[in-house]
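Working notes, structure below.
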Amino acid sequence: VDDKNAMQKLLRQLKAQKNILYAEQLVIPQLCYAPSDTYLSRQYQLSIIKAFQAWEIEKGDSSIVIAITDTGIDIDHEDLEPNVAYNYADPINGIDDDNDGYIDNYRGWDTGDNDNDPSAFSSNHGNNVAGLSAAKTDNGKGIAGTGFNCKFLPIKIDTDLGGWLIGAYDGIIYAADQGADIINCSWGSYTYGELGNDIINYATAKGSLVVAAVGNDGRDAPFYPAAYANALAVGMTDSMDIVRDNSNYGYHVDIMAIGHGMWT
């Protein structure tokens, strides 16, 4: 029956019959959406988090920006470069064209060295995190980023001289001021700080969701910025979808996410 009203009428008539247990329309299922990325089959986490079913409903939007505060990225990587949230208002010309206090922050910023080059130098950690969340999806190469059509803002928070994360909280401020919707923080420490708490509150007030890791030491101990009240604290599970024994835990943990052995 193609007519919806006729279908509903028929169903009501059938349900009214005493010898009919139930009556409903037969819905023909469809295959879940599967992107064309080369290494999709190696990304076991996508099935566990039901990404394929989610993509049937929502594939993200290019107006949504995920700030990756980490060790920088390979800015020419073929699976990352297309999804960078470029600041077209400030091209690389030696001038602060958009008057935001940062010269040539066209493709992110390096708060560790205070320059406009968010390229990875001491570690590939930032590259890996950026790939999982925001690699270009359905482009016939590489992996599928969970955010699909969402863009990402690379913010390098370590210094080239020693790899120390001296620009970590400055990176959160920068991301919030740039209007990032989500700010990822796969880093932290066990030391509470009023400044750190104020910065998380500042970013939250600006409309950003700060997502932070709870630490990898298997401890029941607050890890910051994850344990600050307005941060979303994320613990770690494995390929069997159970909590990893080295994931920190405690009442401050909000959700769990796969964080082990992922192809990125």
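The values are calculated or read from the model by the stated rules, or taken from the named source; none is laboratory data. Quick caveat: nothing in here was measured; it's all calculated off a predicted structure. Reconstructed Cβ throughout: ideal geometry from the backbone, glycine too, with neighbour counts over all protein chains shown. Heads up: the accessible areas ignore ligands, DNA and RNA and are worked out on the full protein's heavy atoms, side chains in. Shrake-Rupley method; radii C 1.70, N 1.55, O 1.52, S 1.80 Å.
Name the single residue that is least open to solvent (accessible area, probe 1.4 Å) among those in segment 23-56 being of a type in the set (Phe, Trp, Tyr) and within 18 Å of the chain's Cα centre (by Cα).
Trp55
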State which residue is most open to solvent (accessible area, probe 1.4 Å) when the search covers only segment 68-91 and only residues that are free of Cβ contacts under 8 Å to residues at least 60 places away in the same chain and closer than 24 Å to Leu161 by Cα.
Asp76
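Yes/no per residue for (1) part of a loop (DSSP other than H, G, I, E, B); (2) at negative phi; (3) modelled with pLDDT under 95; (4) of a type in the set (Ser, Thr, Tyr):
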site	(1), (2), (3), (4)
Asp2	yes, yes, yes, no
Lys9	no, yes, yes, no
Gln17	yes, yes, yes, no
Ile20	yes, yes, yes, no
Leu26	yes, yes, yes, no
Gln30	yes, yes, yes, no
Thr38	yes, yes, no, yes
Within segment 95-147, residues being of a type in the set (Lys, Arg) and more than 30 Å from Lys59 (Cα to Cα) number 0
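Residues are listed down the side, and each one gets a yes or a no for (1) in a loop (DSSP other than H, G, I, E, B); (2) more than 19 Å from Gln178 (Cβ to Cβ):
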{"site": "Trp55", "(1), (2)": "no, yes"}
{"site": "Lys59", "(1), (2)": "yes, yes"}
{"site": "Asp79", "(1), (2)": "yes, yes"}
{"site": "Ala89", "(1), (2)": "yes, no"}
{"site": "Asp113", "(1), (2)": "yes, no"}
